[in-house]
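Report on the following structure.
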Amino acid sequence: MNIVIIGQGAIGLLWYFKLSQQAHNNVSLRCSAKVTNLPERMTFTDSSQQSHQQIIAFASDEHLQQADLIIYCLKAYALEQAHLQYHPLFNQNATIIFSHNGLIDIKSFALPLKKNQANIAMLMTHGSLKTDHFNIMHTGEGHSDIGLIAGDISANKRSTLVKMLNEALPSVTWQQHIKEKQWIKLAINCVINPLTAIHNCDNGVIANVKFQQEIQAILQEVVMIARKHEVSLSLHDLTQTVCKVAQNTALNCSSMRSDIHAKRKTEIDHINGFVHQQGAIHNIPTPHNTALWQQIKKLASKNRC
């Protein structure tokens, strides 16, 4: 299968390495134009601390035109601009996967989607840490949920896709109701990302009892907003899920905390900021998510000074 990974971040490099290990895949990597010093190899360190080298094939426009599968591994704020740039090159039969934090409505993009083209959301819990420009560590085994968000996909094509992804980076599950899974992930991100960034702590600290009241207040607002999008979530189940994820990734540094440390732009506008925005639209107060959104914006601005 001809595969192009768009994005040289921790998740993009994780998928590039894993998919490249399959002999039947022809995988290439499309980097940001800002990356001018392109190396011949990347380094992947697995969960047992063993390091592996992998030659990198960089994607040309021709690779994009011939791709059977394109996987966007980008920050939420960069996705629409990248799609405007690359989407005209994709062939009609290519499957497109979007892997990012926060919620985005791809149907609202300025560039219309190609009719019937399979557009798929991917939600991941794997831990991947970028230690240098093209060096990553797989810091935690996880799971991926994928599901159709626009277009169509045949049962045979879906089965082939799930099998291939599962062989590369298990486990991967096809979800008929991916929208609910997206809201659950949003809820998790609304808690773990901003709190770890503000308190400058690893994920596991958030499971501490002192955060429980704040966690429930954050999640209650998400539950109310989700209901306006015809998604029914349980506050009790969400609270348990958030604490479980925090415990399972106890030693991980959240992506938002990493962005703050590296003085990069965060995805807060598409996480707590999204909840704030939807609250304003539906006249639902979201004081806790709004406060976190504002705190992260202020913290990020201060760090960039």
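None of the figures in this text is laboratory data; all of them are computed from the coordinates on show. This structure is a prediction, so every number in the text was calculated from the model and none was measured. When we count neighbours, we look across all protein chains shown, and the Cβ atoms used for this are built from the backbone with ideal geometry, even at glycine.
Brief remarks on what is shown
- Rounded to the nearest 20 debye, dipole of region 42-199 from Cβ charges on Lys, Arg, Asp, Glu: 400 debye
- Among 164, 124, the ranking by other beta carbons within 10 Å of each residue's beta carbon, starting with the fewest, stands as 164, 124.
- The chain: most fluctuating residue of 151, 204, 127 per GNM, C-alpha cutoff 10 Å: 151
- Long-range lysine pairs (8 or more apart or interchain), region 2-176, Cα under 20 Å: 9
- Sorting 98, 90 by the number of Cβ atoms found within 10 Å of their own Cβ, with the fewest placed first, yields 90, 98.
- Cα gyration tensor shape for region 1-115, rounded if a/c is under 1.5, else prolate or oblate: prolate
- Overall, the chain carries a charge dipole of about 520 debye about its Cα centre when +1 sits on the Cβ of Lys and Arg and -1 on the Cβ of Asp and Glu, all other atoms neutral.
- Calculated mean residue ellipticity at 222 nm for the chain: -13500 deg cm²/dmol, from DSSP H runs with n ≥ 4 weighted as -39500 (n - 2.57), summed, divided by the residue count and rounded to 500.
- In summary, region 154-305 shows an alpha-carbon radius of gyration equal to 1.12 times the 2.2 N^0.38 Å reference for compact globular proteins.
- Per-residue Cβ neighbour rank within 10 angstrom, fewest leading, 201, 31, 73, 190: 201, 31, 73, 190
- Separation of region 33-58 from region 81-129 is 24 Å, based on Cα centroids.
- Normalised by the number of residues in region 2-176, the average gap of Cα pairs under 8 Å and 6 or more apart makes the relative contact order 22 percent.
- Region 138-154 and region 252-305 have Cα centres separated by 25 Å.
- Cα gyration tensor, region 108-233 - rounded (a/c under 1.5), prolate or oblate: oblate
- Each semi-axis of the equivalent ellipsoid for the chain is √(5λ) with λ an eigenvalue of the Cα gyration tensor; in descending order they amount to 30, 23, 19 Å.
- Rounded tilt (10° steps) of 76-86 against the dominant C-alpha axis of the chain: 30 degrees
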